[in-house]
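Structure, as structure tokens:
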Amino acid sequence: MTLRRIGSTEVVRVEERHGPGFEPQQLLPDWDPAVLAEHAWLTPNYYETATNRFISSIHSWVVRTRHHTILIDTCVGNHKPRPQFERFNMLDTPYLARLKEADVAPEDVDFVMCTHLHLDHVGWNTTLKDGRWVPTFPNAKYVFSRVEREFWDPAMNPDLPAANHAVFEDSVAPVIESGQAHLVEMTDRLGDNLLIEPAPGHTPGQVIFRLLDTGQEAVFIGDVMHHPIQVYRPEWSTRVCTDPRAAEASRRRVLEHCANCNAQVFPAHFGAPHIGRVRRQGQGYRFEFDNGDAA
Ligand SMILES: [Zn+2]
């Protein structure tokens, strides 16, 4: 279990799924296989040669501050029909048992924070109970950006393809209906030490979360980067980015910020050890993975 401290705050990783995901070319249209020779470290933790697939992790970050228990990004969820993605369709994983191993019961969660509203970031917002999708975390406020909600809500964005309706309907609408949604602006804050900042491009309303504690900083970057190769190739946006050029601009801004302030970076999908720090290298950046020894 990944455990890190930022001042008095503790961060734990709770896994839903880890293993081969997309083929590189499927995820990154600009992919050049030559980088595999140039970056031998990609194999095997971030790329699997036998299947020609990226290794991808789907996990949440549990953040325990002195006052609150916060869950960042809620994976795919159980029993959700996602026919367009075989890997995510009708999952049945022990995610809640793993959350319990991290000493978190659903009623303990004060804030659920979604960097954006893609299916692999909102799934455990809700669970199926007596045939209805209900909030999994009964005492939580669910935090996400107003811009993101307006984009993915079929009632507010009639141009949204029908294939995208289900995720909003089963994983976001129920927490709005229960009165638990806490919509934030692209630049906003929760209390004194949790800052919300814009990172649009992957989706229009994606935000990152910056946690500040006693002079240290942790940045939860959502899908600003899916894969560590994007630290080295920030110009490579994914096929599922709504605005690839804006995604690149957000990525460069976040990389620059994280390098400048020596932040601990907590991505949503990097393979083990999942976290690290951004360092400058020549005109660009490199990623220094944090193997840690705290466990
Ligand atoms: Zn994602």
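The values are calculated or read from the model by the stated rules, or taken from the named source; none is laboratory data. It should be emphasised that the depicted structure is a prediction, and the values quoted were computed from it without experimental measurement. Here the Cβ positions follow ideal geometry from the backbone for every residue, glycine too, while neighbour counts run over all protein chains shown. Side chains included, ligands, DNA and RNA excluded: accessible areas come from the protein's heavy atoms. Shrake-Rupley method; radii C 1.70, N 1.55, O 1.52, S 1.80 Å.
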query: Roughly to the nearest percent, how much of the accessible area of segment 23-181 is carbon and sulfur, given a 1.4 Å probe?
result: 51
- request: Report, for the chain, the % of DSSP beta bridges that are antiparallel, rounded to 5.
  value: 75
query: For labels at Arg87 and Leu183 in the simple 7 Å Cα→Cβ model, what's the distance in nm?
result: 3.2
Long-range amide H partners of Thr203 with built H, under 5 Å: Thr242
task: Apply the Debye scattering formula to segment 1-97, with a single equal point scatterer on each alpha-carbon and no solvent, then give log10 I(q)/I(0) at q = 0.10, 0.13, 0.25 Å⁻¹.
output: -0.39, -0.63, -1.21
query: If you build a Gaussian network model of the chain, linking Cα atoms that sit under 10 Å apart, which residue out of His274, His202, His67 swings the most?
result: His67
message: Before I look further, what does the chain give for accessible area per residue, probe 1.4 Å, in whole square angstrom?
response: 42
query: Which value does Rg/Rh take for segment 46-139 over its C-alpha atoms, Rh per Kirkwood?
result: 1.01
field: Distance in nm between pseudo-label sites at Leu3 and Asp32 (7 Å out along the Cβ direction from Cα)
entry: 4.4
field: Simple spin-label estimate for Ala105 and Gln25 in nanometres, 7 Å along Cα-Cβ
entry: 5.2
query: How big is D for segment 129-276, in µm² s⁻¹ as a whole number, if Stokes-Einstein is applied with the Kirkwood radius of its Cα pairs at 10 °C and 1.306 mPa s?
result: 96
task: List, largest first, the extents of the alpha carbons of segment 235-274 along their principal axes, each in whole Å.
output: 28, 24, 12
- line: The Cα extents of segment 249-295 along the principal axes, largest first and rounded to whole Å, are 33, 19, 16
- prompt: For segment 134-181, what does the equivalent ellipsoid look like in terms of its semi-axes, each the square root of 5 times an eigenvalue of the Cα gyration tensor, given largest first in whole Å?
  reply: 20, 12, 7
message: Assuming 0.36 nm per residue, please report the length gained on full extension of the stretch Thr49 to Met156 beyond their Cα-Cα distance.
response: 34.2 nm
query: Using the Kirkwood radius built from alpha carbon pairs, what does the Stokes-Einstein equation give as D for the chain at 25 °C and 0.890 mPa s, in µm² per second?
result: 128
- prompt: P(r) for segment 92-155: what percent of alpha-carbon pairs falls in each 10 Å bin, starting at zero?
  reply: 19, 50, 27, 4
